[in-house]
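The values are calculated or read from the model by the stated rules, or taken from the named source; none is laboratory data. Not measured: the values here are computed from a predicted model. So basically every Cβ, Gly included, is an ideal-geometry build from the backbone, and we count neighbours across all protein chains shown. The accessibility values were calculated without ligands, DNA or RNA, using every heavy atom of the protein model including side chains. Shrake-Rupley method; radii C 1.70, N 1.55, O 1.52, S 1.80 Å.
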Amino acid sequence: MNKKRLGILCSSVLLLGLASTAQATLFDRGGGMIYDSDQNLTWLQDANYAATSGYAAANAVYNGATASNNIFADGVMGWDAAVAWASGLSVGGYTDWRLPTITDNGNDGCNFGFTGTDCGYNIDTSGSELGYMWYNILGNIAYYDTSGNGPQAGWGLTSTGADGVNFLNLQSYYYWSGTEYALATRNAWNFRSSSGRQFSSNKSSVFYAWAVRSGDVGGGGGGTVPEPGTLLLMGLGLAGLVVRRRCLQEGRYAV
């Protein structure tokens, strides 16, 4: 191999090594299930499955403004109804579905703020499965910036997918979490996907519900199935090791 061709090849291997460090986060596992590798969660691809599956229409009930088991045909429901719906799901042979959780960080209750808290905008997403999906994975922008100024350019639910994987029927409205509000158990935590706000509301409010389960469904039994892109990178990586050794021998780049 002449030196010019080897130099080009060495540069390509170096760039490939840098590019392969960027890992995908969302993986389509089929059957309407999306794996979120960052949080080790499997989400229903349909973020309004209660409506599109026909469940909401078949179970629609209105028991008054204070009833948390209200269900409406468009998929919005009270908190108790949402918890019961998620826990009763059977999708892909899995029956351990639930609503996403929100952790009450800092002082008990809502510590409202515009950045880094458990309540408000630009939240501490490490304590919110919904917030992490909306901000970190989908890359949406809150109505307010971290100084409390708004509206920000590009705010709102502008992205419903990442890594070539798209969620369906993700509503620009409120979504229930499965976490009660400890200081007032008549309330529960929720996330507003239209503006990026995390807050608590009375359980009788009617919001959407999006089901998740812990772990991956790929390969059955919680195992993972390598994606085609991953298999390609593995093959390229093996070939790259051979070329890299030659490049090191020629002094083309440092270890």
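A few comments on the model shown:
- Scanning the range 42-89 for residues that are over 22 Å from the mean Cα position of the chain (by Cα), more than 23 Å from Ser172 (Cβ to Cβ) and of a type in the set (A, V, I, L, M), we see that the one that is least open to solvent (accessible area, probe 1.4 Å) is Ala67.
- If you check Leu157, Leu130, Leu99, Leu138 for being within 22 Å of Asp36 (Cβ to Cβ) and out of contact with any strand residue (DSSP E or B) (no Cβ under 8 Å at 6 or more places or on another chain), only one passes: Leu157.
- Matching strands (runs of 3 or more DSSP E) fully within the range 164-218 where at least 3 residues are within 16 Å of the chain's Cα centre (by Cα), modelled with pLDDT of 95 or more and on the phi < 0 side of the Ramachandran plot: 174-180, 187-192, 212-214
- Long-range neighbours under 8 Å by Cβ, at least six apart or interchain, first residue at positive phi and modelled with pLDDT of 95 or more within the range 21-32, second part of a loop (DSSP other than H, G, I, E, B) and crowded, with 16+ Cβ neighbours inside 10 Å: Gly31/Gly92; Gly31/Val217; Gly32/Gln45; Gly32/Gly92
- Members of the range 103-161 that are of a type in the set (Val, Ile, Thr) and in a loop (DSSP other than H, G, I, E, B): Thr103, Thr115, Thr117, Ile123, Thr146, Thr158, Thr160
- Exclusive hit being under 24 Å from Asn187 (Cα atoms) and either part of a strand (DSSP E or B) or among the β-branched types (Val, Ile, Thr) (or both), set Thr66, Thr42: Thr66
- Residues that are in contact with a helix residue (DSSP H, G or I) (Cβ under 8 Å, 6 or more places away or on another chain), small (Gly, Ala, Ser) and closer than 24 Å to Ser87 by Cα, drawn from the range 134-188: Ser177, Gly178, Ala188
- Those residues of the range 19-39 which are assigned to a strand (DSSP E or B) and closer than 16 Å to Leu99 by Cα, in sequence order: Met33, Ile34, Tyr35, Asp36
- Residues satisfying the stated conditions in the range 90-102, i.e. in a loop (DSSP other than H, G, I, E, B) and over 18 Å from the mean Cα position of the chain (by Cα): Ser90, Gly92, Gly93, Thr95
- Residues in the range 138-186 that are more than 19 Å from Pro100 (Cβ to Cβ), open to solvent by less than 70 Å² (accessible area, probe 1.4 Å), touching a Phe, Trp or Tyr at 6+ places or on another chain (Cβ under 8 Å) and small (Gly, Ala, Ser): Gly148, Gly150, Gly156.
- Qualifying positions in the range 126-150 - closer than 15 Å to Ser195 by Cα, under 14 Å from the mean Cα position of the chain (by Cα) and of a type outside the set (Phe, Trp, Tyr): Leu130, Gly131, Met133, Asn136, Leu138, Gly139, Asn140
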